[in-house]
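The values are calculated or read from the model by the stated rules, or taken from the named source; none is laboratory data. Worth saying up front: this structure is predicted, and the values here are computed from it rather than measured. For neighbour counting, all protein chains shown are included, and Cβ atoms are generated from backbone atoms with ideal geometry for every residue, glycine included. Remember, those area values only see protein heavy atoms, side chains included, never the ligands or the DNA or RNA. Shrake-Rupley method; radii C 1.70, N 1.55, O 1.52, S 1.80 Å.
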Amino acid sequence: MSTLSQRLSEFGYATGWRLVRRLPRSFGSALFAFGADMAARRGGGGVRQLRANLARVVPQAGEAELDELVRRAMRSYARYWFETFRLPAMDHAAVAKRVTVTGAENIDAALAEGNGAVMTLPHSGNWDIAGVWLASYAGTFTTVAERLKPESLYRRFVSFRESLGFEIVPLTGDSAAMRLLLRRLRENKVVVLLGDRDLTSSGIPVRFFGEQTHLPPGPARLAATTGAALLPTGCWFTEDGWEIRIHPRIRVTQRAEVPAATQALADVFAGDIAAHPADWHMLQPFWPADSAATALEEAS
């Protein structure tokens, strides 16, 4: 991304956080939905990739059904950003009360054992809202943040999430982040990781909707190293709120079990995404076949 593009991106986010919270909720929601519909009709690169991803999730869908699913998915993605821009000015206690949660007892059981919990979830629904609920339920938790450019944009996102009660660890590619996450788990704390995009070169091969891809190894490795409970978690939108499902623990006690545990994560993620496909915000190449096609297109 060029320096100019980075500056424009930062300006856009800064403007969103400054102005969107001032819009009347109904007007702002309608405005973001209109923008989502326009983007879906325009069919840019991200929308085309979203369509290709959703075609794997719902392989039986015809063209018209897939068109409608993409439109709803773009509205869901727009809703995520509308809520994110408004969240700093919202009553977080009131937000947490509007979240419907099943499986909270799995967090309780993990912390009762004393080895912490690794909650891992896909890019679905509003994971920041899920974090607001978790902070109200279990206290501060630790998560990682991709090192965005420019640095000022990264700091803005860190400040935003810290204001919600999250402890943020920068994802720098070295071992510092892993050491802090291990420490928090040994302190019987909760670590939360997005687990459906592999940003490393050491992803675990899995079958996902019938096709091979890679998921990040971190969640299962952390659990295997510390004895923490590995808790797959799904979140999605409801008409006027949010829903979270915390699934039962996936047992992983040694490094040799990490590939099987990661496949088990993939299976749970796939079940939740298949049930709520419009709320999976995956506008990037996810399967190697698509990544190869994108690289070939960019090179030509």
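A few notes on this one:
- Residues that are under 11 Å from the mean Cα position of the chain (by Cα), small (Gly, Ala, Ser) and not in a helix (DSSP H, G or I), drawn from the range 115-144: Ser124, Gly125
- Pairs, first within 17 Å of Cys235 (Cα to Cα) and assigned by the TED database to the domain that holds Arg186 in the range 110-125, second modelled with pLDDT of 95 or more and in a helix (DSSP H, G or I), C-beta under 6 Å, six or more apart: Val118/Pro219; Val118/Leu222; Val118/Ala223; Thr120/Pro219; Pro122/Phe269; Ser124/Asp279; Gly125/Asp279
- Filter result for the condition that a residue is touching a helix residue (DSSP H, G or I) at 6+ places or on another chain (Cβ under 6 Å), of a type in the set (S, T, N, Q) and open to solvent by less than 60 Å² (accessible area, probe 1.4 Å), over Thr213, Thr233, Thr262, Thr238: Thr262
- Across the range 9-23, the qualifying residues are those that are modelled with pLDDT of 85 or more and assigned to a helix (DSSP H, G or I), and the one among them that is nearest to Trp81 (Cα to Cα) is Val20.
- When His276, His247 are screened for being more than 27 Å from Leu66 (Cβ to Cβ) and in contact with a Ser or Thr (Cβ under 8 Å, 6 or more places away or on another chain), only His247 passes.
- For the range 156-171, taking the residues that are under 13 Å from Thr140 (Cα atoms) and in contact (Cβ under 8 Å) with a residue 60 or more places away in the chain, the one that is surrounded by the most Cβ atoms within 10 Å (Cβ to Cβ) is identified as Leu164.
- Among the residues of the range 41-77, the ones that are under 22 Å from the mean Cα position of the chain (by Cα) and in a helix (DSSP H, G or I) come to 22 in all.
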